[in-house]
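To start, the structure under review is shown below, and the notes come after it.
The values are calculated or read from the model by the stated rules, or taken from the named source; none is laboratory data. Being a predicted model, the structure only gives us computed values, none of them experimental. Please note: Cβ atoms are built from the backbone with ideal geometry, for glycine as well, and neighbour counts cover all protein chains shown.
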């Protein structure tokens, strides 16, 4: 197994666990997530929508044929989370650990997107590639 594929799989598992746990907290109505979405003015519809999308991203990132799409969806969700922390939620106490986790997940999604860039033509061309070949899962 190539080193880049191994690194990608390690990060994919971390991302899937993180997004899966976050999705479960949102869908089951964990107290902290309800408070966050009330602050954002998106409770409960936004919480269910984001939770569902996080669950989808967690699933997609573990399926070899959809790794890059899962990473792209995760990247978009974490970009939104970071914007929410920078504009409305802040980084105090509980929010700081949630914000740090969002940043790390966003960063890991970027790395997976780079490592698996040949799976999405637009992403591959953004990185100046036309690798033309896909790595094995």
(1) in a helix (DSSP H, G or I); (2) more than 25 Å from residue 111 (Cα to Cα); (3) without any contact (Cβ under 8 Å) to a residue 60 or more places away in the chain: which one isn't true of residue 43, the others all being true?
(1)
Determine the pairs where a residue that is farther than 13 Å from residue 54 by Cα, located within the stretch 1-22, has a partner that is at pLDDT 95 or above and not in a helix (DSSP H, G or I) with Cβ atoms under 6 Å apart, the partner being 6 or more residues away or on another chain.
12/61
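Residue-wise test of (1) at pLDDT below 95; (2) in contact with a strand residue (DSSP E or B) (Cβ under 6 Å, 6 or more places away or on another chain); (3) under 23 Å from residue 27 (Cα atoms).
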residue: 48; (1), (2), (3): no, no, yes
residue: 64; (1), (2), (3): yes, no, no
residue: 78; (1), (2), (3): no, no, yes
residue: 111; (1), (2), (3): no, no, no
residue: 122; (1), (2), (3): yes, no, no
residue: 127; (1), (2), (3): yes, no, no
Only one of (1) more than 16 Å from the chain's Cα centre (by Cα); (2) assigned to a loop (DSSP other than H, G, I, E, B) fails for residue 36. Which number is that?
(2)
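Could you tell me which of the residues 53, 62, 72 is touching a residue at least 12 places away in the same chain (Cβ under 8 Å), more than 17 Å from residue 32 (Cα to Cα) and outside any helix (DSSP H, G or I)? Let's see the steps before the verdict.
Working: 53 fails: outside any helix (DSSP H, G or I); 72 fails: outside any helix (DSSP H, G or I).
That would be 62, the only listed residue that is touching a residue at least 12 places away in the same chain (Cβ under 8 Å), more than 17 Å from residue 32 (Cα to Cα) and outside any helix (DSSP H, G or I).
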Selection count where residues are surrounded by 14 or more Cβ atoms within 10 Å (Cβ to Cβ) and touching a residue at least 40 places away in the same chain (Cβ under 8 Å), scope the stretch 23-38
1
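Yes or no: residue 83 over 9 Å from the mean Cα position of the chain (by Cα), part of a helix (DSSP H, G or I) and surrounded by fewer than 21 Cβ atoms within 10 Å (Cβ to Cβ)? So that I can check it myself, show each step before the final result.
On the way: over 9 Å from the mean Cα position of the chain (by Cα): yes; part of a helix (DSSP H, G or I): yes; surrounded by fewer than 21 Cβ atoms within 10 Å (Cβ to Cβ): yes.
Considered against the rule, which asks whether it is over 9 Å from the mean Cα position of the chain (by Cα), part of a helix (DSSP H, G or I) and surrounded by fewer than 21 Cβ atoms within 10 Å (Cβ to Cβ), residue 83 comes out as yes.
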